[in-house]
């Protein structure tokens with residue numbers, strides 16, 4: 001990174017207009033596609049439908065980490 005006084009470009013904190021516009025366009029595309037997912041899924045064969053649902057699952061349900069128990073570790077009743 002250059003040292004010294006900044007002499008040009010955007011001021012700090014100013015959003016990049018191109019990035020802002022691109023995000024707006026992509027958001028519109030995604031929202032449009034989300035509306036037609038049920039119809040798209042109905043048209044797909046079962047293998048492709050299952051594959052798509054499995055790819056989307058991590059965005060809906062959180063992943064659960066495995067919990068290891070060690071010998072002589074106390075087992076608390078948190079139920």
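The values are calculated or read from the model by the stated rules, or taken from the named source; none is laboratory data. Fair warning: this is a prediction, and the values are worked out from it, not measured in the lab. Every residue, glycine as well, gets a Cβ built from its backbone with ideal geometry; the counts of neighbours run over all protein chains shown.
Of note:
- Among the residues of region 8-15, none qualifies, meaning not one is assigned to a helix (DSSP H, G or I) and at pLDDT below 90.
- Unique residue being exposed (fewer than 10 other Cβ atoms within 10 Å of the Cβ), out of contact with any helix residue (DSSP H, G or I) (no Cβ under 9 Å at 6 or more places or on another chain), part of a loop (DSSP other than H, G, I, E, B) and without any contact (Cβ under 8 Å) to a residue 40 or more places away in the chain when the list is 63, 32, 55: 63
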